[in-house]
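Input: a single structure, listed below in structure tokens.
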Amino acid sequence: MLDTFIAALDWLGITVFAVTGALVASRKQMDVVGFALLATVTGVGGGTVRDLCLGLVPVFWVEQPAYVAACVAVAVVVFFTAHIPESRYRLLLWLDAAGLSFFCIVGAERALDAGTGPAVAIMMGIVTATIGGVIRDVLGGEIPVVLRKEIYVTAALAGGLAFVGLVVAGVPQLPAAATGFAVCFVVRGAALLRGWSLPVYRPRPGRDPGDLGL
Amino acid sequence: MLDTFIAALDWLGITVFAVTGALVASRKQMDVVGFALLATVTGVGGGTVRDLCLGLVPVFWVEQPAYVAACVAVAVVVFFTAHIPESRYRLLLWLDAAGLSFFCIVGAERALDAGTGPAVAIMMGIVTATIGGVIRDVLGGEIPVVLRKEIYVTAALAGGLAFVGLVVAGVPQLPAAATGFAVCFVVRGAALLRGWSLPVYRPRPGRDPGDLGL
Amino acid sequence: MLDTFIAALDWLGITVFAVTGALVASRKQMDVVGFALLATVTGVGGGTVRDLCLGLVPVFWVEQPAYVAACVAVAVVVFFTAHIPESRYRLLLWLDAAGLSFFCIVGAERALDAGTGPAVAIMMGIVTATIGGVIRDVLGGEIPVVLRKEIYVTAALAGGLAFVGLVVAGVPQLPAAATGFAVCFVVRGAALLRGWSLPVYRPRPGRDPGDLGL
């Protein structure tokens, strides 16, 4: 039951991230193979780095190629339907938010399952949730969403903290995972809707951080 | 005999990719150590990611440092001879095409050898063939060749598909590898000579994909 | 004693690289979570790739989460104090030089310890010393310090060469490590103070390497 639930979150996360990769490909007017490549690296990138760092090799998509097939199928569908949504970038950001929320739980759960402590599990949730999007944006020539001013990594941190905290406190993993997912999605969603952000670093008055000291 | 043949393809791929890395270094007017660094990461980058994902660690160049030595030697030679060719960028693209063709076979063969299924093997061929060039272009500040409009990843896909398809169909690996190499090189070469490309994603008429939804 | 010494170098390297990551975050006016993320990937990035390539998994910070905690703590301190130094970029370059010198020794020592030959050990020193900074600069949108004209990778090469050469020659690891550190720091420091550089590649007279052949 739990395994099924986590596996479902994993599939959902991979699928929505694959869609975001294909949407970036559509913004760059790539061909269908470019769509498949960006969809796949975005969908499986975060989990790959997680598995490598935890020593879980061969990595998950080598063991279960269905993940790669799903990313390719998603890419083909998006190639023929990406003209439908009003704003592809807005859709991309919301799907990315969903993927972030799925993966901060899946990554943390995989790490706990591999025997790490809670701090490393939260870290692995963040790694799993953010790296696919970073690869997507670097390959696609977009500004990495992780560098945008509104809250992003913080949402994955909050979701992972909630999930791992509840598990450590003895709450069963299923409600803990659902809570963690909700926390991450609400925080990131609020950031998207209202531009929520944390206070940023402010240099001394009258000092421009960009070019001093160059 | 087969092992020797695949090993030869591997050495050829590493060498030509090392030359492309050194040529990018020459375009950026680096010093000889910069040449050696870019040549080495380009030459061994794809195979390193392949070995990591398959769980073949330590990775191949840790086991056989001669690969690294070869990349460094190539870099030194290019440092003193890069002024000879008429167009270094044109040369770079053709050597990159050769490396792509060598590596899409070597990567797939290594994966089959490690016991993966055919789909993962083709994927590993693509990973091995493209990641070295991506690292080279990102580090060297060039537009990644993988993002260019003409056919690129598709050639590696076609070569891997031909090779793995023939092997699965019972053809001995040697002619299968030679065929796969030829398929990839011909497809990519035609793309270079004639600008072959697949149909790209087209947004709705009158709609500019670049800035809508930002 | 030796273990303690190498562990101390490792901690010093991680800490100074974490500071450089946080300084880049301050130049980009990120929030405190962005500081923590950039500090952590810069501090542990090089060692992570080293451990992966050597097959030492789970990687070091999964085994000892205190490293991650230290990077986060460093990031918080820098968030509140980065306005103090006159020139943050100058400070960043000097701390980066210190980190480079610590890590070219630590990386080489870890590789020798894992049973590699001297050439691979020097290579691992360079990998460990440079990759954290590359990730930092790519994520932070800075020009990678590894691509700057003055000597950089060469310093890590010189330090690793001195350390591994002395160890192979029978010198105890402690003085060998101290010498290697000094060599790297002096070479890189001289490059920073006096703009030392190696001769760069020169195209034929009257030929501009940047746009010919495009």
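Could you work out, residue by residue across A:141-149, how many beta carbons of other chains sit within 10 Å of that residue's beta carbon, and then give the average as an integer?
So the per-residue partner count for this stretch is 3.
Along Cα→Cβ at 7 Å, what distances in nm separate the C:Val168 label point from those on the other copies, shortest first?
4.7, 4.7
If the cut-off is a Cα-Cα distance under 19 Å, which lysines reach B:Lys149, setting aside same-chain residues fewer than 8 apart in sequence?
Candidates past the 8-residue exclusion: A:Lys28.
In square angstrom and rounded to 100, what buried accessible area do you get between chains A and C, total over both, with the probe at 1.4 Å? Spell out each step's value before the answer.
Working: alone 10620 and 10610 Å², together 18590 Å².
Counting protein atoms only, the buried area is about 2600 Å².
Quick check: at a probe of 1.4 Å, how many percent of the accessible area of segment B:97-202 sits on carbon and sulfur atoms?
69 percent
Which of the DSSP-defined H helices in chain A satisfy a minimum axial length of 18 Å, computed from C-alpha atoms, and a minimum mean Kyte-Doolittle hydropathy of 1.6?
Sorted by number, the helices that extend far enough and score high enough are A:66-81, A:153-168.
Using only DSSP helix segments of four residues or longer, with each worth -39500 (n - 2.57), what per-residue ellipticity at 222 nm results for chain C after dividing by its residue count and rounding to 500?
-25000 deg cm²/dmol
Taking all protein chains together and a probe of 1.4 Å, list A:Thr4, B:Thr116 from the most accessible to the least accessible.
On the way: A:Thr4 95, B:Thr116 20 Å².
I get A:Thr4, B:Thr116, largest accessible area first.
Looking for one value pair here: nearest-to-axis residue in chain A (by Cβ) for the rotation onto C, and the distance in whole angstrom.
So the closest residue, with its distance, comes out as A:Leu52, 3.
Whole number in Å², please: accessible area per residue of segment C:2-194, 1.4 Å probe, ligands, DNA and RNA not counted.
Spelled out: the 1.4 Å probe surface of segment C:2-194, per residue, equals 33 Å².
Using per-residue counts of other Cβ atoms within 10 Å, averaged over each peptide, order C:138-151, C:33-46 from highest down.
Result, highest mean Cβ count within 10 Å first: C:33-46, C:138-151.
Rounded if a/c is under 1.5, else prolate if a/b beats b/c, else oblate: with a ≥ b ≥ c from the C-alpha gyration tensor eigenvalues square-rooted, which is segment B:20-155? Before the final figure, lay out each step's value.
Details: a/c = 2.35, a/b = 1.46, b/c = 1.61.
Note, shape of segment B:20-155 comes out oblate.
Provide an ascending nm list, one decimal, of label-point separations from C:Glu142 to the equivalent residue in each further copy; define each label point as 7 Å from Cα along Cα→Cβ.
For C:Glu142, the other copies' label points sit at 2.6, 2.6 nm, shortest first.
Between copies, how far apart are the C:Trp94 label points? List them in nm, one decimal, shortest first, with each point 7 Å from Cα toward Cβ, please?
Spacings between copies for this position, smallest first, are 5.2, 5.2 nm.
Sorted by accessible area (1.4 Å probe), largest first, how do B:Ser197, C:Ser101, A:Ser87 line up?
Values: B:Ser197 65, C:Ser101 0, A:Ser87 30 Å².
Order by accessible area, largest first: B:Ser197, A:Ser87, C:Ser101.
Could you please state, rounded to a whole Å, how far the C-alpha centre of segment A:112-148 is from the C-alpha centre of segment C:160-186?
Cα centres, segment A:112-148 to segment C:160-186: 37 Å.
In segment C:61-96, what residues drop by 30 Å² or more of accessible area when the other protein chains are put back, versus the chain on its own? Use 1.4 Å, and skip ligands and nucleic acids.
Output list: C:Trp61, C:Val62, C:Pro65, C:Phe79, C:His83, C:Glu86, C:Arg88, C:Tyr89.
Accessible area of segment C:1-63 with a 1.4 Å probe: how many percent of it is carbon plus sulfur?
Summing carbon and sulfur atoms, their accessible area is 70 percent of the total for segment C:1-63.
From the protein chains alone at 1.4 Å, what is the descending order of accessible area for C:Arg27, C:Arg136, largest first?
These residues rank, largest area first, as C:Arg27, C:Arg136.
Hey, how many Å between the Cα centroid of segment C:30-109 and the Cα centroid of segment A:31-71?
One Cα centre to the other: 27 Å.
The values are calculated or read from the model by the stated rules, or taken from the named source; none is laboratory data. Only a predicted model underlies this, so the values are computations on that prediction, with no experimental measurement involved. Methodologically, a virtual Cβ is constructed for each residue, glycine included, from the backbone with ideal geometry; neighbour enumeration extends over all protein chains shown. With ligands, DNA and RNA removed, areas are computed over all heavy atoms of the protein, side chains included. Shrake-Rupley method; radii C 1.70, N 1.55, O 1.52, S 1.80 Å.
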